[in-house]
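Q: Quick one: structure below, then a few questions.
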Amino acid sequence: MSSRMTTRDRRGRRERGPTVRIARATPRDAKRLTAMVRRSRAYEGGYASMVAGYRVGPDYIEAHSVHIAIGEDDALLGFYALLLDPPELDLMFVADRAQGLGVGRQLITHMITEARSAGLAAVRVVSHPPAEGFYRSVGAERTGTVAAQPSVVNWDRPELMFHLDRLDEGCSTPSG
C-alpha cells in the first residue's frame, strides 16, 4: 500500500506530504523500531522513564501484527502494533521529522483495515496523554482512564476505543 497524503500548511494552503508505503514489519526491523521508541521527543522529560529501556524485539514482531510506514528514501516514518486477543493498539509511533505530515493518520487507517480483516469489532488504545487528541481526531472515543502504576507508569493514561462499526469504510473518521 503506497499513498501520498495531502496536508495544509499554516495558512491553509494544500501541500503534498510524503509518499508512504505501509508494509508488514519483519524481525530485522526490531532495532530500528526500538530506536524510534527510545528517541521519540514525545517521551522526553517526565515521560522519559517509560521508554528508557523499552525494546521491540524480533519475537514481538513475529507474534503480533506490526506494520511500518516507509518513505520514498526507505526511511522509517512510523509503525504500529495491533494485538488481536484482546484487540488493542499496543504501539504507535511516528518519527519526529514526520509529525504533522499525515503519516499517523495513514497508519491508523491501515490498522483499522487490518482489524476489520481480522473480524474485530473494536480496538482499545491506552494512550500516551499528549496523544489523546490525535486518537480522537481519527475516530477513537474516550472510554475512561487507566490509573498510574508506579514503577511502571507514573501517570494516568486516557483509555480510548475505535468502534469499527462507527467508522466509515476505508477511513478512520466517524460515519454520520
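Q: Looking at (1) more than 16 Å from the chain's Cα centre (by Cα); (2) part of a helix (DSSP H, G or I), find the lone condition where residue 132 falls short.
A: The failed condition is (1).
Q: Under 8 Å by Cβ, and 6 or more places apart or on different chains, what pairs join a residue from segment 81-101 that is assigned to a helix (DSSP H, G or I) with one that is open to solvent by less than 20 Å² (accessible area, probe 1.4 Å) and among the polar types (S, T, N, Q)?
A: Pairs that qualify, where the first residue is assigned to a helix (DSSP H, G or I) and the partner is open to solvent by less than 20 Å² (accessible area, probe 1.4 Å) and among the polar types (S, T, N, Q), are 96/40.
Residues checked against (1) at pLDDT 95 or above; (2) more than 14 Å from the chain's Cα centre (by Cα); (3) under 24 Å from residue 124 (Cα atoms):
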| residue | (1), (2), (3) |
| --- | --- |
| 8 | no, yes, no |
| 22 | yes, no, yes |
| 35 | no, yes, no |
| 38 | no, yes, yes |
| 43 | no, yes, yes |
| 50 | no, yes, yes |
| 78 | yes, no, yes |
| 91 | no, no, yes |
| 110 | yes, no, yes |
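Q: Taking the condition aromatic (Phe, Trp, Tyr), farther than 22 Å from residue 19 by Cα and modelled with pLDDT under 90, does residue 60 pass? Step through it out loud before you land on a result.
A: Numbers: aromatic (Phe, Trp, Tyr): yes; farther than 22 Å from residue 19 by Cα: yes; modelled with pLDDT under 90: no.
In short, no.
Q: Of the residues in segment 114-136, how many are hydroxyl-bearing (Ser, Thr, Tyr) and at pLDDT below 95? Walk me through it before giving the result.
A: Restricting attention to segment 114-136, the residues satisfying the condition of being hydroxyl-bearing (Ser, Thr, Tyr) are 117, 127, 135.
With the extra rule that they be at pLDDT below 95, the set shrinks to 127.
So the count comes out to 1.
Q: With respect to residue 44, determine if the residue is of a type in the set (D, E, K, R), in contact (Cβ under 8 Å) with a residue 12 or more places away in the chain and surrounded by fewer than 18 Cβ atoms within 10 Å (Cβ to Cβ).
A: On the way: of a type in the set (D, E, K, R): yes; in contact (Cβ under 8 Å) with a residue 12 or more places away in the chain: no; surrounded by fewer than 18 Cβ atoms within 10 Å (Cβ to Cβ): yes.
For residue 44, the condition - of a type in the set (D, E, K, R), in contact (Cβ under 8 Å) with a residue 12 or more places away in the chain and surrounded by fewer than 18 Cβ atoms within 10 Å (Cβ to Cβ) - is not met.
The values are calculated or read from the model by the stated rules, or taken from the named source; none is laboratory data. As the structure is a computational prediction, the values presented were derived from the model and not from experiment. Glycine gets a Cβ as well: all are built from the backbone with ideal geometry, and neighbour counts include every protein chain shown. All accessible areas refer to the heavy atoms of the entire protein, side chains included, with ligands and DNA or RNA removed. Shrake-Rupley method; radii C 1.70, N 1.55, O 1.52, S 1.80 Å.
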